[in-house]
1. Counting other beta carbons within 10 Å of each residue's own, what order do H595, H211, H583, H265 fall into, fewest first?
2. Using the count of nearby Cβ atoms within 10 Å as a rough guide to exposure, how do L431, L464 rank from fewest to most?
3. Rounding to the nearest 20 debye, state how big the charge dipole of segment 272-403 is about its Cα centre with +1 on each Lys and Arg Cβ and -1 on each Asp and Glu Cβ.
4. For the residues I605, I468, what sequence is obtained by ranking on other C-beta atoms within 10 Å, fewest first?
5. Mind ordering 634-641, 335-342 by average Cβ neighbours within 10 Å, highest first?
6. Using the Karplus curve 6.51 cos²θ - 1.76 cosθ + 1.60 with θ = phi - 60°, what ³J(HN,Hα) values do you get for each residue of segment 561-570, in whole Hz, with x for Gly and Pro?
7. Taking a ≥ b ≥ c as the square roots of the Cα gyration tensor eigenvalues, with a/c under 1.5 meaning rounded and otherwise prolate when a/b beats b/c, else oblate, which class fits segment 449-535?
8. Less than 12 Å Cβ to Cβ from S649, Lys/Arg counted +1 and Asp/Glu -1: what total charge do the surrounding residues give?
Amino acid sequence: MYAMEEELKCPVCGSFFKEPVILPCSHNVCLACARNIIVQTPEGETPPQNRSSGISDYDYLDLDKMSMYSETDSGYGSYGGFVSAPTTPCQKSPNGVRVFPPSMPPPPQAQHHLLPHTGVLPPVPRNSCLTCPQCHRSLTLDDRGLRGFPKNRVLEGVVDRYQQSKAAALKCQLCEKNPREATVMCEQCDVFYCDPCRLRCHPPRGPLAKHRLVPPAQGRISRRASPRKISTCTEHELENLSMYCVQCKTPVCYQCLEEGRHAKHDAKHLAVTWKQHKCQLSQALNGVSDKAKDAKEFLVQLKNLLQQIQENGVEFEACLVAQCDSLIEALTRQKAKLLTKVTKEKESKLKTVKDQITHCTMKLRQTTGMMEFCLEVIKENDPSGFLQISDALIKRVQGSQEQWVKGALEPKVCPEFALSVNTDPLMQTILQLDFTQSKETPTVPPAPLLQLEKCCTRNNSATLAWRITTVQALSVEGYVLELDDGNGGPYREVYVGKETVCTVDGLHFNSLYNARVKAYNSAGVGSYSKVVVLKTSDVAWFTFDPTSAHRDIVLSNENQTVTCNSYDDRVVLGTAAFSKGVHYWELSVDRYDNHPDPAFGVARINTMKDMMLGKDDKAWAMYVDNNRSWFMHNNSHTNRAEGGITKGSSVGILLDLTKHTLTFFINKQQHGPVAFENLEGVFMPAVSINRNVQVTLITGLELPKNIM
């Protein structure tokens, strides 16, 4: 039950509804809050439409539109012909409506207190209006003032029952475990506190000293539900509401049907219509209930899916780790075998070299001794004694010389190892390791054949078709379609899949594109097809896109005319996307009631669809009424320009992506300066309207000539 709490809160004060009244736009507001947002307009001046004025304006408007400051920065502002309050900061409600802080009384025109000792609201000044805080529709009050708005007794009863149900168990909202019973409630914080939590989290000092602490029951229940009263007519207070005006969609009395403004309207009995509407609401609720039931089942399915994914992921990770560990163990064993072979080869080489060193050392020592002996013999002066041994020494020396033949002084082994290991194939296999299924090895597919009779372009979209022979198609797993950038640049992949027909959107207008396609399977990628050249349209022809439009948008006239079912602003995009070139299109205003603020411009595909165009950072727009216009991007308003639109007006949009600018036109004349600069990326035509506006899109136009 607590989920509907937001439905029971006033959009102005953010608190539960107190004496709610129904505005003509079907939204609700507290009676006192309605009094506080009333704006008085001077005699003879039309009240501003879809826009509040003075100190109670909305924060979504810029300071220029709010006129909160004078042109001379005097500290005071003017709007609507009278002086506003000093520029003291104002508080904001959850809805963004400006409200006056307790320390600063509202200006005279906003002081709508009860008359002393009567409990009755004072009369509303003449020429007064108010703006709905939800749909921003301006509503002019008649002589009856706020009494002309019917009270929403059903909503009041729901609020009372809801408050009583919540007051049944008032616990501290800040206790972590076993919440204690609440002793106070802060009206500003809207939080229940027990005594320990209040002393810890809400001390009576600093900025919290001005907060009002009340008993819990008083904080949630402003008054007990009073006995239901018989509904009486607001125009004829002595008459009960017994009929229902079909045309005005409101309960009326018999006197209203006989002599009032409902005299010529179709009427039905109130009880009959009540039962019919209850039946319609019940049927609609049944449909929503079925969808909610499906959504709950889907949430359960998603939660189960989360658990399955978690379990399967853990199991799959374990299997993958086991497989990789097995490969690592096999590689470790093979590494040990290879290291053993290297060790044996090393030991063999070392033994050979050591043996050669020993043999050579022995021979060298013998030769050196013999040489020293011969030198001593040569020193002897006895000829006969020398000749006795000379022949033998000469033979011995000659024999020793012959021992050092060629190769005797060369190593028998080389220091390099004749072993080698080629790890490249194994490394390639490891790098190509992926999740695949074993299949018979097919051959590489041949080049596809482009079907030129099926290849075409429309606006900035290109459709390509290709085929391959039936026998060869059995081995094809998919195709890769490539296009260049329209300027003869490199190719890029635009499609990968099994389909043989592909439409590529978002291309540049007035550009030549080269396209080619290739097939692939597990054996590899085949060769490219022949290149086909496609030319996009010179200018953009497009309509509104029903697939991305808000559900309140209604399209007709082959998606060229757009209306809206809601008083709130709703966004619809065009079917074209621009990223380069110069483009111009217009929107003709077919219907313009109650002076709304339609917005025209460009946006990204993911811009917000349930608010005025330009509120977020993904849209660039000009919103305009019957008198003036503003440029808006990311909720920032700039360059107010005089001059607006009426029924029959045309609004032109010039998107120059060569200069990266956006310019607006009204009735073929440039409106204001260049609106936006430094635009980069992809943009789509966009417009936001409510039910008071109908526009028709006109494309394929030449560029305007009167550009400043």
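1. On the way: H595 19, H211 12, H583 23, H265 16.
Ascending number of Cβ neighbours within 10 Å: H211, H265, H595, H583.
2. Working: L431 8, L464 27.
Least to most surrounded, the residues fall as L431, L464.
3. Details: 20 positive and 17 negative charges, 158 e Å.
Rounded to the nearest 20 debye, it is 760 debye.
4. Numbers: I605 14, I468 21.
Final ranking by Cβ density, sparse to dense: I605, I468.
5. Values: 634-641: 14.4, 335-342: 10.5.
Taking the mean over residues of other Cβ atoms within 10 Å, the ranking is 634-641, 335-342.
6. Values, residue by residue: 10, 10, 10, 9, 8, 10, 6, 7, 6, 10 Hz.
7. Numbers: a/c = 2.29, a/b = 1.77, b/c = 1.29.
Note, shape of segment 449-535 comes out prolate.
8. Values: positive: R591, K647, K668; negative: E586, D590, D625.
Here the count lands on 0.
Every number in this text was worked out from the coordinates using simple rules, so none of it is lab data. The structure presented is a predicted model; accordingly, all values stated were derived computationally and were not measured. Positions of Cβ are backbone-derived with ideal geometry, glycine not excepted, and every protein chain shown enters the neighbour counts.
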